[in-house]
Amino acid sequence: MLDNSGLHVEPDLLRVTQFTTIDTRSRRQQPLDVTGIAPLIRHITTACSLVVAYLSGVRTGEARNLLRGCVTRDPKLGLIFMSGQRL
């Protein structure tokens, strides 16, 4: 579809080749291209969900009902509130 659109598309436009290092070891040995991004995003999303559930103390069902923007801050009280959907 992109080829037929007439737009100029550079091959390997979305390719990550430089990664941060920890103690002289790179986080990744091979470049990351488009095919590797979707699984990596799924891993990161899962890790974030686990961290939110663990650190907030919510149960699994409660964590699954959270939506983007569910955290609000009350500057007057200095508290952080998290709200989900009721099923």
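Odds and ends about this structure:
- Of the criteria (1) part of a loop (DSSP other than H, G, I, E, B); (2) free of Cβ contacts under 8 Å to residues at least 24 places away in the same chain, which one Phe81 fails: (1)
- For region 38-53, the condition of being over 15 Å from the mean Cα position of the chain (by Cα) and farther than 16 Å from Gly84 by Cβ holds for none of the residues.
- Residues within region 61-72 that are loosely packed, with under 10 Cβ neighbours inside 10 Å and either farther than 22 Å from Thr45 by Cα or of a type outside the set (A, V, I, L, M, F, W, C) (or both), tallied: 3
- Of note, Arg73 satisfies the criterion of being in contact with a strand residue (DSSP E or B) (Cβ under 6 Å, 6 or more places away or on another chain) and either modelled with pLDDT of 85 or more or within 25 Å of Phe19 (Cβ to Cβ) (or both).
- Apart from one condition, Arg42 fits all of (1) among the basic types (Lys, Arg); (2) closer than 30 Å to Leu67 by Cα; (3) modelled with pLDDT under 75; the exception is (3).
The values are calculated or read from the model by the stated rules, or taken from the named source; none is laboratory data. Nothing here was measured: the structure is a model prediction, and the numbers come from that model. Here the Cβ is made from the backbone with ideal geometry for all residues, glycine too, and neighbour counts use every protein chain on show.
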